[in-house]
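**Student:** Following this message is one structure expressed as structure tokens.
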Amino acid sequence: MNAAGGWAAWKAIDETLARAVTVLTFAADFPRVSEVVTAARAASRLSDARLAQVFDVEDGGDDRAYIVMEWVAGDSLDDLLGNGPLDPAHGVTLITEASKALAGAHAAGLSHLCLTPRSLRWTPGGGVKLVGLGVDAALANITADDPALADTQGLGKLLYATLTGHWAGPENTALPPAPMAEGLPRSPRQVRAGVPAAIDAVACEALFQRPRRDRPPVTTPALLAQALAEVTPVPHRPGGPPVDSFGGQRLTGTDRAETFAWAPGTGNGHRRQQQQRRSQPAPGQRAVTTSAVIAIIIVVVLAAIGVGGWMLSRHKSGGTVTHGQSQRPTAVAADGVLKPVSAHGFDPLTSVSQDSHNENDQYAAQAIDGSTKTFWYTQYYFSPQFGNLKKGTGLILDMGKPVRLSSLQVLFGSSCCSQVQIMVGNDNTRTPSVLSSFTTVARSSTATGNTTFRVTSKARGRYVLLWFTRLAPLSGISGRYGAQVYNIQARGTG
């Protein structure tokens, strides 16, 4: 890729393992072979899946030095920003994962120092991947007196790019340069309307080292990951008030930081609707009458939807599905909360070498940790039918013992809609035949937001499987489909 600089990168095929790899080779007079080889060897000791892996290093004489690394497919941040800035919540998620990955690298004594939009990839498996750890800096002969601070500011530039679509650094990238004011890039909120204030503050703190009041400065990737976690937009729970975890200042996905919580997939229309309601005068009795009529209409519509959904789901699966939090459990007073002992991505139908056969297992525990700030998600696909790679995929819960469900409350992402079956069984082997041993106890063709599955089946099993057969479009990523699960609560008997 940079043969004129004394090195070149090639895409090759590892015939032994039948996988694509990147191979770095060097000209005979390249002066930094030793430094690059040393950096690659150090990087090879790291196993974080969010960092591009180094497979082999050879520093033998006679011009035979080379490095074999993971070939990272997928979209770079440049690609993701081709149609404009990302949804702020999605941008924060990407940079949080990158910050965590670099925090682990720094703990092992390694740094990147060359972060650009080409360094951050969104893989076909639906995960973040950083490329060039240590190696890119050695190739370019870049060093830093404070590597942690340098990488923190590099991550700040990446966050700035996700929020604005501009690059706030001197590096030559495909993005337009950030607008300037008094010698510094303008803040994200000055460039793009609707960036939440709390996220804007963290971006400025990382990039410009502007500390927030009563807070230690963000000077390391680990501190940046922590700061981003504190301002990560939380999903709005349909049927209940917005969750306020920011001292009274709630975050939206794309628009404001004043009035309501972000829901995955929430867009500008929701904001405009609320603004219109607030801007209308209150003409006394007329307003009361109008509100009463609207309330009656809403009750009638919800009742019709509830009855229709109950009849359809009960006819199909012996279970019922409700959305929101206004419905009360029925006939489950004697049942208790069932706590899963573990959760795993469940992908038994993979039949192609390009697929990881691992449905983001590393994030599965976040679906049962009780937090609505963390979530498990599938890989992303290029169609609702899994890009024609498989017929379904899922998330499996190990209950630790056979159980009988009475209900399963699931907080999905708010993009509509996924098709999902709730299944119970006693086998968690990842083979295509395993599905025949499971019993479907509930299902929904419109899974979105807070969904409660009522179970009437008497089937018992140690494993509870959320089996997705159709995916929803991903918010902020055009042409990509996936499923998200923020939280699960099971009720029943052991």
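The values are calculated or read from the model by the stated rules, or taken from the named source; none is laboratory data. What you are looking at is a predicted structure, and each value in this text was computed from that prediction instead of being measured. Reconstructed Cβ throughout: ideal geometry from the backbone, glycine too, with neighbour counts over all protein chains shown.
**Student:** On the given criteria, is Thr123 in the same structural domain as Gly169 (by TED's automatic domain parsing) and within 17 Å of the chain's Cα centre (by Cα)?
**Tutor:** Yes, satisfied.
**Student:** Let me ask you something else. Given segment 98-195, what helices (runs of 4 or more DSSP H) lie entirely inside it while holding 2 or more residues that are under 22 Å from Met69 (Cβ atoms) and not charged (D, E, K, R)? Full working, then the answer.
**Tutor:** On the way: elements: 135-140, 147-164, 188-191.
Result: 135-140, 147-164.
**Student:** Might you check whether a residue that is in contact with a Phe, Trp or Tyr (Cβ under 6 Å, 6 or more places away or on another chain), of a type outside the set (D, E, K, R), modelled with pLDDT under 95 and surrounded by fewer than 23 Cβ atoms within 10 Å (Cβ to Cβ) occurs anywhere in segment 162-173?
**Tutor:** yes
**Student:** Let me ask something else. Out of (1) modelled with pLDDT of 90 or more; (2) surrounded by fewer than 17 Cβ atoms within 10 Å (Cβ to Cβ); (3) within 20 Å of the chain's Cα centre (by Cα), the odd one out for Phe382 is which?
**Tutor:** So Phe382 meets the others, but not (1).
**Student:** Only one of these is in contact with a Pro (Cβ under 7 Å, 6 or more places away or on another chain), under 19 Å from Asp335 (Cα atoms) and in the same structural domain as Cys417 (by TED's automatic domain parsing): Arg462, Arg470. Name it.
**Tutor:** On inspection, the qualifying residue turns out to be Arg462.
**Student:** Looking at segment 458-474, is at least one residue assigned to a strand (DSSP E or B) and under 30 Å from Thr164 (Cβ atoms)?
**Tutor:** Yes, that holds for at least one residue.
**Student:** Next question, about the same structure. For residues that are under 20 Å from His166 (Cα atoms) and of a type in the set (A, V, I, L, M, F, W, C), scanning just segment 101-127, find the one that is surrounded by the most Cβ atoms within 10 Å (Cβ to Cβ).
**Tutor:** Of everything passing the filter in segment 101-127, Leu115 is surrounded by the most Cβ atoms within 10 Å (Cβ to Cβ).
**Student:** Condition (residue is crowded, with 19+ Cβ neighbours inside 10 Å, of a type in the set (Val, Ile, Thr) and at pLDDT 85 or above) applied to segment 348-369: is it met by at least one residue?
**Tutor:** Yes, because at least one residue in segment 348-369 is crowded, with 19+ Cβ neighbours inside 10 Å, of a type in the set (Val, Ile, Thr) and at pLDDT 85 or above.
**Student:** Right, another one. Test Gly84 against the stated conditions and say whether it is modelled with pLDDT under 95 and either assigned by TED's automatic domain parsing to the domain that holds Arg19 or buried (at least 19 other Cβ atoms within 10 Å of the Cβ) (or both).
**Tutor:** Judged against the criteria, Gly84 is a match.
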